[in-house]
Amino acid sequence: MTTAPLDHQTVPTHWTHRHLLDLERLTPTEVRTLLDTATLFKEATGGCRRKLGVLAGKTIVTLFFENSTRTKTSFALAARRLGADVVDFSASSSSLSKGESFIDTAKNLEAMGIDAVVVRHVTPGTPHLLAQHLDVGVINAGDGPHEHPTQGLLDIFTIRERLGDLSGATVGLVGDIAHSRTARSNLWGLMKLGAKVILCGPPTLVSDRWRELGVEVSHDLDAIVPRCDVLNLLRIQFERQNTRPFPSVREYAHLYAMTRDRLKRAKKDLLILAPGPINRGVEVTAEVADCPQSLILGQVANGLAVRMAVLWLTCGPRAGADGPSPGTKVY
Ligand code: NCD
C-alpha cells in the first residue's frame, strides 16, 4: 500500500459538504467536482486496483436495511482501497430488534469513533434524518424510491468517460421511473450537466407531470430509441409496488425491453447502461445486455472510483470544511 500523493494530482475545485444525501441539491460544479475526483482516483489506483493510504485511520460503517450486492461491496472495497477500516452493521442481529430506536443505534455507533456512515433504508429521507442527528459524514446508498446518488454519479461518470461533455447528449431513462431512486439521481445529475433527458415507460410508471421539470416524457420506446445517445434501462421495482402497473411482464417486455431489433434502429454508437440487478428478458434481452455497446459491467467497475471520491470528499482531511482549494494535493 502506498501513501504517496496521487502523482501530484490535485482536486479540481472546492467541496463544502460533510454528507452526500442526494444529487438534487448539489450544484453543477459540485457534481463535476465529484466526477473529476473519481477520475483522479481511478487513474491514481491503476483503474481502482491499487491501494492508497489516504483514509488510513478512518472507520466507515455500512448500515444497510435493504438488500444489496453491488453497492455495499463497492463501498467496502472503495474504503479499503483508500486504507480505511470498514465495519458492516447487521440490522437483523442488532439491538434494533430489542426495541432500540434507529437514532439511538446510530448515535451508539458514532460514540465508538467512526468517521462516516453509508446508509441504505426503505424509507425516503432516512439519510437526511441521520445527518441531522450525527456529526459524522452520512452517505446515502439508496433511500427507498427517493435517491441513490452514487449510482447516479457512476452512471454519469461512465457516460462521461465515453462521450466527454454531456451537454447536448440525449439520455433515455427507461422503465419504472415512479419507483426508481436510480432514475431520480440520474435525472438530477444529467440535467445539471446539460444533458437532454427522456423518461420512457408505461403511463402508470412515468407520469406526464415530470414534464414540469423540463424533461421529455415518452410512452413509446420505439419512437425514442433512434434519437438517444444513451439508454439507461431500469429494473421494474416490483418490491415497491402495491398494485401491478401493467397487465403482464410479457407485455411490458414486448413494449419496453431493449432488444436486438430495437438496437438495429438505434444510433450505431448508442451506449447501453443498466444499474443492475438486471432481469434478462424484462428490461433488456440477454443479447443486448452482453453486446459490445453494453457498459453494464464497466459501470460496476467505475462505482469503485466514484465511491472512493465520495468517501474522500466526505471524510478526508478537509471534509465539511471549505474543502480542498484548487491546488490541494489529494492526500
Ligand atoms: C439499484 C438500487 O438498489 O436502487 N441497484 C443498485 O444499487 N445497483 C437499482 C435496482 O435495484 O434496480
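The values are calculated or read from the model by the stated rules, or taken from the named source; none is laboratory data. Note that the coordinates shown come from a computational prediction; the quantities given were computed from them, not determined experimentally. Cβ coordinates were reconstructed from backbone atoms using ideal geometry, including for glycine residues, and neighbour counts include every protein chain displayed. The area values use the complete protein model at the heavy-atom level, side chains included, leaving out ligands, DNA and RNA. Shrake-Rupley method; radii C 1.70, N 1.55, O 1.52, S 1.80 Å.
From the backbone phi of region 294-306, what are the Karplus-calculated ³J(HN,Hα) couplings (6.51 cos²θ - 1.76 cosθ + 1.60, θ = phi - 60°) in whole Hz, Gly and Pro given as x?
Per residue, the Karplus-derived 3J(HN,Hα) values read 7, 10, 4, 6, x, 4, 4, 4, 5, x, 5, 5, 5 Hz.
Could you report the chain's accessible area per residue, 1.4 Å probe, as an integer in Å²? Mind showing how you got there, number by number?
Numbers: 13820 Å² over 331 residues.
Per residue, the chain has 42 Å² of solvent-accessible surface.
Antiparallel DSSP bridges in the chain: what percent, to the nearest 5?
Of those bridges, close to 5 percent are antiparallel.
So what is the calculated 222 nm ellipticity per residue for the chain, using -39500 (n - 2.57) for each DSSP H run with n of 4 or more, over all residues, to the nearest 500 deg cm²/dmol?
-10500 deg cm²/dmol
Defining a contact as two alpha carbons under 8 Å apart and six or more residues distant in sequence, what relative contact order in percent does region 133-245 show? Intermediate results must be reported in sequence, preceding the final value.
Working: 187 pairs, mean separation 32.5, N = 113.
Rounded, it is 29 percent for region 133-245.
Taking amide H positions as placed 1.01 Å from N in the peptide plane, with prolines and chain starts having none, which residues 5 or more places from residue 141, or on another chain, fall under 5 Å of its amide H?
Answer set, sorted by chain and number: 119, 120.
Could you tell me which of the pairs 58/196; 51/268; 42/192; 51/98; 42/268; 192/268 are separated by over 32 angstrom between their Cα atoms in the structure shown?
Working: 58/196 39 Å; 51/268 37 Å; 42/192 23 Å; 51/98 39 Å; 42/268 28 Å; 192/268 26 Å.
Too far apart for the 32 Å limit: 58/196; 51/268; 51/98.
In whole Hz and in residue order, list the ³J(HN,Hα) couplings for region 203-216 that follow from phi through the Karplus curve 6.51 cos²θ - 1.76 cosθ + 1.60, θ = phi - 60°; x for Gly and Pro.
x, 6, 10, 9, 6, 5, 5, 4, 4, 4, 7, x, 9, 8
How do the peptides 296-309, 74-87, 39-52 rank, highest first, by the average count of neighbouring beta carbon atoms within 10 Å per residue? Before the final figure, lay out each step's value.
Details: 296-309: 23.1, 74-87: 20.9, 39-52: 17.1.
Highest to lowest by the protection proxy: 296-309, 74-87, 39-52.
Taking only the alpha carbons of region 149-299, what extent do you get along each of the three principal axes, in Å, biggest first?
Its Cα atoms span 40, 34, 27 Å along the three principal axes.
Could you tell me the relative contact order of the chain? Use alpha-carbon pairs under 8 Å, at least six residues apart, and round to a whole percent.
Values: 669 pairs, mean separation 84.1, N = 331.
For the chain, the relative contact order is 25 percent.
How many angstrom lie between the C-alpha centres of region 125-158 and region 199-257?
With region 125-158 and region 199-257 each reduced to a Cα centre, they are spaced 24 Å.
With θ taken as phi - 60° and the coefficients 6.51, -1.76 and 1.60, list the Karplus ³J(HN,Hα) couplings across region 47-58 in order, rounded to whole Hz; mark glycine and proline as x.
Values, residue by residue: x, 6, 9, 8, 8, 10, x, 6, 10, 4, x, 8 Hz.
How much of the accessible area of the chain, in percent, comes from carbon and sulfur atoms when a 1.4 Å probe is used? Walk me through the numbers on the way to the answer.
Details: 6980 of 13820 Å².
On the chain, the fraction of accessible area on carbon and sulfur atoms equals 51 percent.
Based on the Kirkwood radius over alpha-carbon pairs, what is the Stokes-Einstein translational diffusion coefficient of the chain at 37 °C with 0.692 mPa s viscosity, in µm²/s?
Numbers: Rh = 20.3 Å.
Reported coefficient: 162 µm²/s.
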